[in-house]
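Throughout, read-outs are computed from the coordinates displayed, never taken from laboratory work. Note that the structure is predicted; figures quoted are calculated from it, not measured. Methodologically, a virtual Cβ is constructed for each residue, glycine included, from the backbone with ideal geometry; neighbour enumeration extends over all protein chains shown.
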């Protein structure tokens, strides 16, 4: 685990007009092992957009409450969390399956 990633939690706040605004709040940096899995491009909003699937592995005690409602940021790119797995059910490491977050 040689890469630093930032954990981001989704927080809903209100703007001046009372509308809901989603803000991604920094919940700390953790060490991770990063494994890029696949990439593709798709066409949306009249532009080509890249999307990458990446697996992150972190120590369990670094983020025991991490869920798929959070995001990770690595190298200035945010990733939506698809799934958080304790593969060996030993509460030692978490495997986090992600894809790049839409801009």
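Restricting attention to segment 82-96, the residues being touching a residue at least 40 places away in the same chain (Cβ under 8 Å) and either assigned to a loop (DSSP other than H, G, I, E, B) or buried (at least 17 other Cβ atoms within 10 Å of the Cβ) (or both) number 1. Looking only at segment 1-28, residues that are surrounded by 12 or more Cβ atoms within 10 Å (Cβ to Cβ) and in contact with a helix residue (DSSP H, G or I) (Cβ under 9 Å, 6 or more places away or on another chain) come to 1 in all.
The C-beta contact set for segment 58-75 (first residue at positive phi and in contact (Cβ under 8 Å) with a residue 40 or more places away in the chain, second residue surrounded by fewer than 13 Cβ atoms within 10 Å (Cβ to Cβ) and part of a loop (DSSP other than H, G, I, E, B), distance under 7 angstrom, 6+ apart or interchain) is empty.
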